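Written below as structure tokens is the structure these notes are about.
The values are calculated or read from the model by the stated rules, or taken from the named source; none is laboratory data. In this text the structure is predicted, and so the values were computed from the model without any measurement. Cβ placement follows ideal geometry from the backbone for every residue including glycine, while neighbour counts extend to all protein chains displayed.
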Amino acid sequence: MKRFGVIAALLLGLVMLTGCGKNPDMTIFMMPAANEVIPTEVTEQVQAQLQAKLGEEKTLQVNSSAMYNIQKLIAELAVSQNGIMVIQEQDMLNFANSEGCTPLEGTFDQEKYKKGFVEGTVSVKGADGKDQEKKEQHLYALPINEMKMFQTIGYKTDKLYAIIPSNAPNKELSMKVLQMMAE
């Protein structure tokens with residue numbers, strides 16, 4: 001009987017702890033390019049610098065994968081929890097071609113970030129009022145080697161791009177944070 005009481009107390013404690021956590025207002029997911037890694041120090045510095053800029057107003061979490069894994073990347077896109085994703089070029093091109101990226105040129109200069117200005121698929125209303133896919137050139141991504149935050153941290157790679165997924169939970173906040181990273 002004592003055992004049951006101890007187990008019940010432990011389970012109750014776990015349930016209470018699980019309810020105590022608060023989800024961040026925004027999550028950034030970083031996937032390294034094939035045969036590369038993103039050092040823990042980089043994700044920690046990105047999170048610390050962005051949280052300092054955001055203040056107590058919003059909370060932020062930066063996650064990264066230990067190695068490149070396309071299944072994990074697709075799962076991360078599918079769960080619709082990431083406001084910004086840092087991914088390799090080929091994945092960025094694939095996401096852009098499948099309506100997976102938010103165009104950025106309303107906020108960022110496409111001349112400054114030419115490498116992120118690519119052809120992608122967008123939905124437009126047709127004459128019949130239904131959504132139709134259309135290929136258009138847009139600024140879909142920012143190369144991280146051209147972003148001030150990564151330059152300041154000293155993380156140099158020309159293989160990764162920052163995107164705002166088309167299913168980002170809060171695109172306004174995502175755009176604001178992406179600006180903080182770029183400036």
Report, ordered by the first and then the second residue, all pairs with beta carbons closer than 6 Å, sequence separation of six or more or different chains, a first member in segment 160-183 that is part of a helix (DSSP H, G or I), and a second member that is of a type in the set (K, R).
-> M180/K53
Given the residues I164, I153, which is the only one that is surrounded by 14 or more Cβ atoms within 10 Å (Cβ to Cβ) and more than 19 Å from K58 (Cβ to Cβ)?
-> I153
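Condition first: among the polar types (S, T, N, Q), in a loop (DSSP other than H, G, I, E, B) and at pLDDT 95 or above. Now tell me which residues in segment 76-101 satisfy that. If you could, list the steps in order and put the result at the bottom.
Residues of segment 76-101 that are among the polar types (S, T, N, Q), as a first pass: 80-82, 88, 90, 94, 97-98.
From what is left, the residues that are in a loop (DSSP other than H, G, I, E, B) are 80-82, 98.
Residue satisfying the conditions is N82 alone.
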So which residues in segment 167-183 are surrounded by 15 or more Cβ atoms within 10 Å (Cβ to Cβ), closer than 18 Å to Y113 by Cα and not polar (S, T, N, Q)?
-> M175, K176, V177, L178, M180, M181, A182
Pair list, Cβ under 8 Å, 6 or more apart: segment 79-108 residue in contact (Cβ under 8 Å) with a residue 24 or more places away in the chain, other residue acidic (D, E) and part of a strand (DSSP E or B) = A96/E119; N97/E119; E99/E133
With respect to the numbered conditions (1) over 26 Å from M180 (Cβ atoms); (2) part of a loop (DSSP other than H, G, I, E, B); (3) at pLDDT 95 or above, which one is the sole condition not fulfilled by A34?
-> (3)
Scan S98, S80 and give me the residue that is hydroxyl-bearing (S, T, Y) and touching a Pro at 6+ places or on another chain (Cβ under 7 Å).
-> S80
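Residue-wise test of (1) under 22 Å from L173 (Cα atoms); (2) surrounded by 19 or more Cβ atoms within 10 Å (Cβ to Cβ).
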| position | (1), (2) |
| --- | --- |
| I87 | yes, yes |
| D91 | no, yes |
| E119 | no, no |
| G126 | no, no |
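Give me the residue from segment 116-153 that is among the acidic types (D, E) and free of Cβ contacts under 8 Å to residues at least 12 places away in the same chain and, out of that set, nearest to V46 (Cα to Cα). Even if it seems obvious, please write down each step before you answer.
Let us first name the residues in segment 116-153 that are among the acidic types (D, E), namely 119, 128, 131, 133, 136, 146.
Cutting the leftovers down to free of Cβ contacts under 8 Å to residues at least 12 places away in the same chain gives us 128, 131.
Working: D128: 46, D131: 38 Å.
Only one residue tops the list, namely D131.
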Unique residue being of a type in the set (G, A, S), surrounded by 10 or more Cβ atoms within 10 Å (Cβ to Cβ) and within 22 Å of V79 (Cβ to Cβ) when the list is A48, A33 | A33
Which members of segment 40-76 meet the condition of being among the hydrophobic types (A, V, I, L, M, F, W, C), touching a Pro at 6+ places or on another chain (Cβ under 8 Å) and within 21 Å of K22 (Cα to Cα)?
-> L60
